[in-house]
Amino acid sequence: MFRLGRALPALAAAGLLAATACGDVDVPPRDRDGLLLRVHAEPPQPVRGAIPDYSLYGDGTVITPGAPVGSLHPFVASHLQDAEVDAQYRAAHEAGLAADERHGDAAVPDSTSVHVDLRSGGAVHRTELVFADRPSGPPELVEFVQELRDTRPATPVPAVDRLAVIAFDADGEPGGRPWPFPPPVHGSRVPGGRCTVLTGGDATTAAAWAREADPSTRWGSGGIGFRLLFRPLLPDEIGCTDLDPS
């Protein structure tokens, strides 16, 4: 079984690359923003602005959720070597993720849905595991997905240059901490609220405020009060619409 972050011996890596190049699985693209593999769990009550459980990019970057700091929901990152990316990409195919399938019954009350997206053959294939207690599906697939979900790199991403700001609990009470940027309550609808995106210096400033602000902090703008959640955008995410995993 492939273990994340474990270096492959040189000969094994060379053999894997040769087999990958010549077999039925292409060598994955190496583009930095190109998503190869993602796992995103949706519990019965979705978490507002949740970071996907696991994201692997073509350049070897792995992103997983970080611990909340104030009102900021950051992510953490690590890096896999090319041979490790190739091994994980092949393991995903061998686990059966290059097919659009659902395992489990979506009609079960209070069920969790785990979406697994694999970029392969010029398309993105989604496998869905639906369950109330334990994931259902082929054992090798369930084990592979669970191992990805358990991955916890420890290197934080220090800079925030694109920040999604999600407003919720809006009301007509304008009091609270002044919000000087465009009111997020007029932004795009996302699960659990309304969203706008800040970039550059505005994103850096807002991220610093978010780290210091308690999640219960109320903000105000244009005569409207609201609470805010701050969530950096991932490399493949363009805007607020990408925060809806469905």
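Please tell me if THR127 is within 15 Å of ARG149 (Cβ to Cβ), at pLDDT 95 or above, in contact with a strand residue (DSSP E or B) (Cβ under 8 Å, 6 or more places away or on another chain) and not in a loop (DSSP other than H, G, I, E, B). Yes: the conditions hold for THR127.
Of everything listed in (1) modelled with pLDDT under 90; (2) more than 29 Å from ARG32 (Cβ to Cβ), the single unmet condition for THR155 is (2).
Out of all the residues in segment 68-99, which are part of a strand (DSSP E or B) and surrounded by fewer than 17 Cβ atoms within 10 Å (Cβ to Cβ)? Within segment 68-99, VAL69, SER78, HIS79 qualify. Scanning segment 188-246 for residues that are of a type in the set (A, V, I, L, M) and either outside any helix (DSSP H, G or I) or more than 16 Å from HIS73 (Cα to Cα) (or both) gives VAL190, VAL197, LEU198, ALA213, ILE224, LEU228, LEU229, LEU233, LEU234, ILE238.
How about segment 195-223: which of its residues are open to solvent by less than 50 Å² (accessible area, probe 1.4 Å), of a type in the set (A, V, I, L, M) and in contact with a strand residue (DSSP E or B) (Cβ under 6 Å, 6 or more places away or on another chain)? LEU198, ALA203, ALA206, ALA207, ALA210 - these are the residues of segment 195-223 that are open to solvent by less than 50 Å² (accessible area, probe 1.4 Å), of a type in the set (A, V, I, L, M) and in contact with a strand residue (DSSP E or B) (Cβ under 6 Å, 6 or more places away or on another chain). For the criterion of being at negative phi and touching a helix residue (DSSP H, G or I) at 6+ places or on another chain (Cβ under 9 Å), SER188 passes. Take the conditions farther than 27 Å from PRO43 by Cβ, crowded, with 20+ Cβ neighbours inside 10 Å and in contact (Cβ under 8 Å) with a residue 40 or more places away in the chain and apply them to ALA164. Does it pass? Considered against the rule, which asks whether it is farther than 27 Å from PRO43 by Cβ, crowded, with 20+ Cβ neighbours inside 10 Å and in contact (Cβ under 8 Å) with a residue 40 or more places away in the chain, ALA164 comes out as no. Taking the conditions exactly as written (of a type in the set (S, T, N, Q) and more than 20 Å from the chain's Cα centre (by Cα)), does THR151 satisfy them or not? Judged against the criteria, THR151 is not a match. Among the conditions (1) surrounded by 21 or more Cβ atoms within 10 Å (Cβ to Cβ); (2) within 17 Å of VAL69 (Cα to Cα); (3) modelled with pLDDT under 95, PHE226 misses just one, which is (2). Hey, any hits in segment 100-111 for a residue that's closer than 17 Å to ARG38 by Cα and either of a type in the set (Val, Ile, Thr) or open to solvent by less than 20 Å² (accessible area, probe 1.4 Å) (or both)? Within segment 100-111 (the criterion being closer than 17 Å to ARG38 by Cα and either of a type in the set (Val, Ile, Thr) or open to solvent by less than 20 Å² (accessible area, probe 1.4 Å) (or both)), the answer is no, since none of the residues qualifies.
The values are calculated or read from the model by the stated rules, or taken from the named source; none is laboratory data. Keep in mind the model is a prediction, meaning the values are calculated, not measured. All Cβ positions, even for glycine, are placed from backbone atoms using ideal geometry, and neighbour counts span all protein chains on display. Protein only, heavy atoms only, side chains kept; ligands, DNA and RNA dropped before computing areas. Shrake-Rupley method; radii C 1.70, N 1.55, O 1.52, S 1.80 Å.
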